[in-house]
Amino acid sequence: MQDRQAIPHHDATASDLREHFIGQRRRLRDAALRILGCPHRAEDVVQDAYLKISEVPAGFDIRQPSAYLLRIVRNLAIDRHRRSAFESDVFAVEEEGQAVHEEAQGPEAIAISRQTLALISHALASLPPRTRRAFELYRLGGMSQREIAAELGISATLVNFLIRDAMDSCRAQLQAGATCHGTER
């Protein structure tokens, strides 16, 4: 089999793209690792990228498969990095709040905090049990997606989707609460 990189104008079909992906897996993981800084999260991104390219239609031709795959991985890694930054803002570590003096919190701040907690609690309560459990193990238990997958007997990719669904539910609940109370952010 010829090396696809040696042929500059070769169009790759969807099945060629999957083969190319397997050959470039380490390079793609390294690209995600440079953005995310965590090998486990980088591996999750590479798995997500494979799922994404598996949806490419059979007749779809790609002129530069390496660049196409790298772009998919980079975009997914950047999205994951942004989502992680957002999550750390929304779901700050509990101990960080213990350093704040109670006098600094007025009645309004306490009411807003309670309202936010109630909205997130409502969002989590409305989730299917497996989704809620995966989210709790990840966010509250500090387990990796692979550890959660082993615990629940499912794939790491499914764990990723369950956590994403739980985050989407929390975001939607927070947005709905902010809109209902005239505090749209």
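Counting only residues that are among the charged types (D, E, K, R) and in contact with a helix residue (DSSP H, G or I) (Cβ under 6 Å, 6 or more places away or on another chain), which one in region 117-173 is surrounded by the fewest Cβ atoms within 10 Å (Cβ to Cβ)?
Among them, the one singled out is R146.
Specify the residue that is modelled with the highest pLDDT; the eligible residues are those in region 49-58 that are open to solvent by 70 Å² or more (accessible area, probe 1.4 Å) and over 18 Å from the mean Cα position of the chain (by Cα).
Among residues in region 49-58 that are open to solvent by 70 Å² or more (accessible area, probe 1.4 Å) and over 18 Å from the mean Cα position of the chain (by Cα), the one modelled with the highest pLDDT is E55.
Would you point out the residue of region 65-116, among those that are β-branched (V, I, T) and modelled with pLDDT of 80 or more, that is farthest from G142 (Cα to Cα)?
I72
Considering only residues that are within 22 Å of the chain's Cα centre (by Cα) and not in a helix (DSSP H, G or I), which ones fall in region 12-41?
Passing the criteria: G37, C38.
The values are calculated or read from the model by the stated rules, or taken from the named source; none is laboratory data. Here the structure is a predicted model, which is why all the values come from computation and not from measurement. Don't worry about glycine lacking a Cβ; one is built from the backbone with ideal geometry, like all the others, and counts go over all protein chains shown. Ligands, DNA and RNA are stripped out before the accessible areas are found, and what is left, the full protein with its side chains, is counted by its heavy atoms. Shrake-Rupley method; radii C 1.70, N 1.55, O 1.52, S 1.80 Å.
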